[in-house]
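All of the numbers you see were taken from the coordinates with simple rules; none came from a lab. Remember, predicted model here, so these are calculated numbers, not experimental data. We place every Cβ from the backbone using ideal geometry, glycine too, and count neighbours over all the protein chains shown.
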Amino acid sequence: MPKLESVEELKALRDQLQRALRVSAKSSTTITVGMGTCGISAGAREVMRVIRDELKERAIEARVTTVGCIGMCSKEPLVDIQQGDEPRVTYGNVKPNMVPRIIEEHLMNGQVVDDWVVGRLRRGWGEQDG
Amino acid sequence: MAERHRADVIVSCLHGRCEGLVPALREEIERQGLGDEIDVVESGCRGMCAMGPVLLIQPGGVFYTGVQPDDVPELVQETLIKGRVLARLTYQVPATHQEICRYEDIPFYNKQLRHVMRNCGMIDPESIEEYIASGGYQALAKALTTMTPREIISEVKASGLRGRGGAGFPTGRKWESTLEAEGEVRYVVANGDEGDPGAFMNRSLMEGDPHAIIEGMIIGAYAIGAHEGFIYVRDEYPLAVKNLSLALEQAREYGLLGEGILGVDFDLDIRIVRGAGAFVCGESSALMQSIEGKVGEPRPKHYHATERGLWDQPTALNNVETWANVPLIINNGADWFASSGAEDSKGTKTFCLVGQITNTGFIEVPMGITLREIVYDIGGGVPGNGEFKAIQTGGPSGGCIPADKLDLEVDYDSLLEAGSMMGSGGMIVMDNHTCMVDVARYFVDFLKEESCGKCSPCREGIRRMLEILTRITEGDAVMADLDLLEALGRTVQNASLCGLGKSAPNPVLSTLRYFRHEYEAHIKDKTCPAGVCRALIEYYINPEACTGCGLCKRDCPQDAISGERKKPHVIDQELCITCGICHDVCRFDAVGVR
């Protein structure tokens, strides 16, 4: 990556990255796994592995990404699904055997699995819901 | 392809649900004479199968869902030729999603204010790009190009930011002293040596948003004229070390660290130093000794670190959370920062909620919030049938605050008044099954292990206090021991060299202040009211409730329980070692403590 030589270059990079992220978020499914120490100790690595396997098996090109701890350590592993421009939908205490149902119902059928859902969240704190 | 075509239409062929769409698109594009300009690309499933065929037009990022072959002529005409977006095809949030509770409405979050931790759990900490896209390093750009070092310092001073490591020294004043002190070189240091049992908010910050700390440090280094910085992280936080190292590397690659940062005549590099597991190294002078490669022991404070810190040069040492607050102040201004928080404690503070609390986790709240709001509204109260008894703030050397002080507003000064302290932000909730003498003994035992041994009040005093506390929990103490304990505590508090010793008696003195009756019960009545201290309790089986299932009998390591199947069992008190296993395994609540 190129060194930023000026503030203008930083601003241009920010705008470019924002556009790219917005487009990729808007036009695809992003699955986010909480991978702070608390998440990992609650089994997030295994959950993430199962998510990847499941997506591969169903030939779904979703973006799988990791984040740090969001605070609800008692509900780890946390898995968020964001599709299009909608808020992230968070599932709590996700175990590997819950993954197929979440992918089947949420991704394939567009039905949130109510039993396991914790809440929904905009991409920044305090941003208004659409 | 990208060079030849003006635009790509990317169609996600969703498990065969869009038959006819791709040919229709190609045909229509050809018919309009756009075949050379626009390409139709079929891509894999994007995991939005329920929304029907989805279609993305690049560049521009127009995204349509549920596109049918019938839509094609209008789509080509309006969007591809005229550049208009067709509202009816844009993504609609499914109705069921609107019914899900918003984070802001979940009790855990609705009293929180996420400023410092704004990116934790939101962005990928391994990606500097996501940090930059979320507005990261803009404060640095602003500080470097539009503010003088003095202006940065006055902004931080005006914000009222105080050190988040717990002592609460005004950050702006610290920087000012460092800038004004005489020295050949200056240093910035971030303290990430979070060692309090039950505290992990610094870890969450370092793991979840490392760039916020780095950005704050670069701004601070520019303000005081430092060209070298250190982040001191305990080695027990491998993920924090990993994410911070990666973040530093990325910042160097983008030229945000190194020579001529952002084209400005300012150089800085930051290194990570890993702590080797000594609790005392979280103390500022011990931490600097440790960075220098010496034994991690505090030194007398004839000079402040701002005058003679690292290698006897002026040093601005702040907690990682303090550093992460700096970009916010530069971006939004001192007034914005000072608009949240309490009178003399501005802004927000992160805490960890652990112990007998429903929602274990880390939180960020405006200063001045009451403990009651933290425990009941955010924390969800005590789980099960327990009853709230006390909350310990400030880590092992903090104090225990009882239930009748729950309306205390959390800020640096009120916590000190209540005999505790802010500390770095650990909060341990205790219920009626917790013995306060045992708690004090536990923390003093921890501090005995962690005392570096350099000064005798701390080294010897804590040890003697532990002996007395152990005697009390074993029922061997006399009432005069309480006075001795108190006197010892005051001496250790007044005479110790560093903050570890000065605050070590807090758990004892605060429990003596608020829970003296429990100490007296141990000494006078030889009972432990909470049923914890093993030497003072006995387990018994309630014959009314016992079903004679035999579970306790099977699990008793002493074979102290006898009884016929389906008939009430009894415990032989001579053999019983009060391990409590019978109490834990009983499914009928038949084993009691007295």
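Details
- Estimated at 0.36 nm per residue, the fully extended path between residue B:579 and residue B:26 surpasses their Cα-Cα distance by 191.4 nm.
- Charge tally around residue B:110: other residues with Cβ under 10 Å, Lys/Arg +1 each, Asp/Glu -1 each, net -1.
- Near-label residues of region B:537-573 by backbone N, under 13 Å of a point 7 Å along Cα→Cβ of residue B:385: B:545
- Free-standing Cys, chain A [no other Cys Cβ under 4.7 Å]: A:69
- Dipole magnitude (debye, nearest 20) for chain A, charges at Cβ of Lys, Arg, Asp, Glu: 240 debye
- Compared with the dominant Cα axis of chain A, that is its longest principal axis, helix A:44-57 is turned about 90°.
- Angle of helix B:456-473 to the longest C-alpha principal axis of chain B, folded into 0 to 90 degrees and rounded to 10: 70°.
- Of all lysines in the structure, the ones whose alpha carbon falls short of 21 Å from that of residue B:448, not counting any fewer than 8 places away in one chain, are B:502.
- The mean sequence separation of alpha-carbon pairs under 8 Å and at least six residues apart, normalised by the residue count of chain A, gives a relative contact order of 24 percent.
- Cross-link partners of residue B:349 among lysines (Cα-Cα below 18 Å; sequence separation of 8 or more within a chain): B:111, B:157
- Rg and Dmax of chain B, Cα atoms only, in Å: 30.9, 101
- The simple Förster model, with R0 at 41 Å and r as the Cβ-Cβ distance, assigns residue B:151 and residue B:294 a FRET efficiency of 0.65.
- Fewest-first ordering of A:91, B:303 by other beta carbons within 10 Å of each residue's beta carbon gives B:303, A:91.
- Relative contact order (%) - criterion: Cα under 8 Å, at least six apart; region: region B:517-594: 35 percent
- Selection among B:580, B:366, B:61 by position relative to the dipole of chain B gives B:580 as farthest towards the positive end (Cβ unit charges, Cα centre).
- Loop-located GluC sites (Glu not before Pro) in region B:67-143 (DSSP state other than H, G, I, E, B) with a sparse environment of at most 11 neighbouring Cβ atoms within 10 Å: B:99.
- DSSP-loop GluC sites (Glu not before Pro) across region B:253-310, with at most 14 other Cβ within 10 angstrom: B:259, B:292
- Each other residue within a Cβ distance under 12 Å of residue B:171 adds +1 if Lys or Arg and -1 if Asp or Glu, for a net charge of +3.
- In plain terms, the chain from residue A:57 to residue A:5 could stretch by 14.2 nm, reckoned as 0.36 nm per residue minus the Cα-Cα distance.
- Angle of helix B:480-495 to the longest C-alpha principal axis of chain B, folded into 0 to 90 degrees and rounded to 10: 50°.
- Size of charge dipole - the protein assembly as shown - debye, nearest 20, with Cβ of Lys, Arg +1 and Asp, Glu -1, no other charges: 880 debye
- Segment residue B:235-residue B:372, extension gain: residue separation times 0.36 nm, minus the distance between their alpha carbons: 45.9 nm
- Residue exposure proxy: A:118, B:41, ordered by other Cβ atoms within 10 angstrom of their Cβ from fewest to most, comes out as B:41, A:118.
- Modelled label reach - residue B:227, point 7 Å along Cα→Cβ, region B:171-202 residues with backbone N closer than 13 Å: B:184-187
- Listed by chain and number, the aspartates and glutamates placed with their C-alpha closer than 14 angstrom to that of residue A:75 are A:115; residues fewer than eight positions away on the same chain are left out.
- Selection among A:70, A:91, A:2 by position relative to the dipole of chain A gives A:2 as farthest towards the positive end (Cβ unit charges, Cα centre).
- Positive-end ranking of B:314, B:262, B:275 along the dipole of the protein assembly as shown, with charges on Cβ about the Cα centre, is headed by B:275.
- Sorted fewest first by neighbouring Cβ atoms within 10 angstrom, B:265, B:481 come out as B:265, B:481.
- Within region A:1-71: Cβ-based charge dipole about Cα centre, in debye rounded to nearest 20 (Lys, Arg +1; Asp, Glu -1): 100 debye
- Loop-resident sites, region B:76-144, for chymotrypsin sites (Phe, Trp or Tyr not before Pro), counting at most 14 other Cβ within 10 Å (DSSP): none
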